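Engineer: A single structure is presented below for examination.
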Amino acid sequence: MRDSIFKRLLFICAFLILLICGGMFYSLVSGALPAFEHFGLFRFIFSAEWNPHPEAEQYGALSFITGTILTSFLALVFCLPFSLPVALFIGEYFKGKKISSVISAVIDLLAGIPSIVYGLWGFYTLRPLITDSGLSGQGFGILTASLVLAIMIIPYAASLSAEFISMVPEELKEGAYSLGATRLEVIRNIVFPSSGAGIFASYILALGRALGETMAVTMLIGNTNNLPHALTDTGNTMASVIANQFGEADGLKLSSLIAIGLLLFLITALINLIGKLILKKLS
């Protein structure tokens with residue numbers, strides 16, 4: 001009897017997850033339909049024009065899609081050289097040592113810091129450095145936002161990667177050492193192949209975190225509706241334009257912002273799906 005009740009409870013919880021996801025998708029689609037019907041789906045996606053003037057309203061998502069993809073993938077590139085060595089430090093070289101516990105605690109602390117704090121640090125510390133270096137006149141832009149975003153996702157990628165690295169069976173490593181393999185050879189030939197799928201999944205999750213980040217990016221990207229052509233150009237992301245303009249939007253503009261939210265939902269889902277397919281092939 002208790003098993004039956006527990007099984008039904010699990011089924012209800014699982015169904016609620018599907019219901020919530022379906023409800024969100026339906027709400028986004030219904031809100032975005034006026035924009036898609038007025039501009040056309042492909043025209044809306046591939047147009048970079050954003051003109052809120054009442055007599056000549058024209059909205060397109062290309063600038064914001066480009067800004068989102070640029071900042072997210074650039075942040076992932078910047079994140080990789082720092083997060084993977086940290087993961088090896090924690091999960092392999094100093095596994096079980098006190099220093100490893102200290103570094104893990106610091107990483108957990110960084111993961112829990114609100115994004116507004118990262119944004120303030122980037123605004124008052126990183127932005128002046130970018131300005132002084134001559135890369136950008138005011139320090140705002142894709143590059144500045146990506147650097148701060150990379151720092152934000154390092155804890156997620158490093159912590160999860162370290163967990164998968166530490167799960168590699170000791171028997172495999174000991175067998176390699178007994179055959180005369182060096183530490184570097186063990187990592188290259190045993191640790192990475194065994195934990196590769198998990199490490200890849202860690203970076204997919206970190207990318208998903210970067211795609212949806214709003215506040216820190218909003219403070220540093222420049223918030224212009226232009227299509228960025230260089231890393232030092234200002235721009236906007238899909239999340240930041242919604243945050244900036246949703247409060248004052250109505251009519252066709254509101255529908256266009258909801259359509260951008262729907263596209264962000266689909267892009268995130270698509271990247272996660274691709275990641276799972278690649279993960280399935282790797283495992």
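Engineer: Taking the options LEU149, LEU135, LEU129, name whichever one is within 29 Å of PHE89 (Cβ to Cβ) and either out of contact with any Cys (no Cβ under 9 Å at 6 or more places or on another chain) or surrounded by fewer than 20 Cβ atoms within 10 Å (Cβ to Cβ) (or both).
Structural biologist: That would be LEU129, the only listed residue that is within 29 Å of PHE89 (Cβ to Cβ) and either out of contact with any Cys (no Cβ under 9 Å at 6 or more places or on another chain) or surrounded by fewer than 20 Cβ atoms within 10 Å (Cβ to Cβ) (or both).
Engineer: Residues of the stretch 252-283 being touching a residue at least 24 places away in the same chain (Cβ under 8 Å) and among the small types (Gly, Ala, Ser), which ones?
Structural biologist: SER255, SER256, ALA259, GLY261, GLY275, SER283
Engineer: I've got another one for you. Quick one: count up the residues across the stretch 249-283 that are out of contact with any Gly (no Cβ under 8 Å at 6 or more places or on another chain), of a type in the set (Val, Ile, Thr) and either under 20 Å from ASN223 (Cα atoms) or outside any helix (DSSP H, G or I) (or both).
Structural biologist: 1
Engineer: Okay, moving on. Determine whether the stretch 118-126 contains at least one residue that is within 30 Å of ILE165 (Cα to Cα) and surrounded by 12 or more Cβ atoms within 10 Å (Cβ to Cβ).
Structural biologist: Pass one, the stretch 118-126, residues within 30 Å of ILE165 (Cα to Cα): 118.
Next, from what is left, pick out any that are surrounded by 12 or more Cβ atoms within 10 Å (Cβ to Cβ): 118.
Yes, that holds for at least one residue.
Residue by residue, here is whether (1) in contact (Cβ under 8 Å) with a residue 60 or more places away in the chain; (2) out of contact with any Leu (no Cβ under 9 Å at 6 or more places or on another chain); (3) among the acidic types (Asp, Glu) holds:
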| site | (1), (2), (3) |
| --- | --- |
| LEU109 | no, yes, no |
| SER115 | yes, yes, no |
| TYR118 | yes, no, no |
| PHE123 | yes, no, no |
| SER146 | yes, no, no |
| SER161 | yes, no, no |
| GLU170 | no, yes, yes |
| ALA176 | no, yes, no |
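Engineer: Can you name the condition, by its number, that LYS95 falls short on among (1) closer than 26 Å to PHE200 by Cβ; (2) in a helix (DSSP H, G or I); (3) touching a residue at least 24 places away in the same chain (Cβ under 8 Å)?
Structural biologist: Unmet for LYS95, out of (1) closer than 26 Å to PHE200 by Cβ; (2) in a helix (DSSP H, G or I); (3) touching a residue at least 24 places away in the same chain (Cβ under 8 Å): (2).
Engineer: Please find, within the stretch 34-47, the residue that is nearest to the chain's Cα centre (by Cα) out of those that are of a type outside the set (D, E, K, R) and exposed (fewer than 15 other Cβ atoms within 10 Å of the Cβ). Can you show your working first?
Structural biologist: The first filter runs over the stretch 34-47 and keeps only residues of a type outside the set (D, E, K, R), leaving 34-36, 38-42, 44-47.
Next cut, exposed (fewer than 15 other Cβ atoms within 10 Å of the Cβ) only: 40-42, 46.
On the way: GLY40: 28, LEU41: 25, PHE42: 25, PHE46: 22 Å.
Selected residue: PHE46.
Engineer: Can you tell me which residues in the stretch 160-174 are within 26 Å of the chain's Cα centre (by Cα) and farther than 16 Å from TYR93 by Cβ?
Structural biologist: Across the stretch 160-174, the qualifying residue is only LEU160.
Engineer: Now for a separate question. Name the single residue, out of those in the stretch 112-154 being among the hydrophobic types (A, V, I, L, M, F, W, C) and closer than 10 Å to THR232 by Cβ, that is farthest from the chain's Cα centre (by Cα).
Structural biologist: LEU135
Engineer: Output the number of the condition that ALA197 fails; it satisfies all remaining conditions of (1) crowded, with 20+ Cβ neighbours inside 10 Å; (2) within 18 Å of ALA162 (Cα to Cα); (3) among the hydrophobic types (A, V, I, L, M, F, W, C).
Structural biologist: The single condition ALA197 does not satisfy is (1).
Engineer: Look through the stretch 3-33, keep the residues that are aliphatic (A, V, I, L, M) and touching a helix residue (DSSP H, G or I) at 6+ places or on another chain (Cβ under 6 Å), and return whichever of them is surrounded by the fewest Cβ atoms within 10 Å (Cβ to Cβ).
Structural biologist: LEU28
Engineer: Among the residues of the stretch 200-254, what is the count of those that are of a type in the set (Asp, Glu), buried (at least 16 other Cβ atoms within 10 Å of the Cβ) and over 30 Å from MET167 (Cβ atoms)?
Structural biologist: 1
Engineer: Quick check: is even one residue across the stretch 101-117 in a helix (DSSP H, G or I), surrounded by fewer than 15 Cβ atoms within 10 Å (Cβ to Cβ) and hydroxyl-bearing (Ser, Thr, Tyr)?
Structural biologist: Checked against the condition, which is being in a helix (DSSP H, G or I), surrounded by fewer than 15 Cβ atoms within 10 Å (Cβ to Cβ) and hydroxyl-bearing (Ser, Thr, Tyr), the stretch 101-117 yields at least one hit.
Any read-out appearing in this document is the output of simple, stated calculations on the displayed coordinates, not a laboratory observation. Please read all numbers here as calculations on a predicted model, not as lab measurements. When we count neighbours, we look across all protein chains shown, and the Cβ atoms used for this are built from the backbone with ideal geometry, even at glycine.
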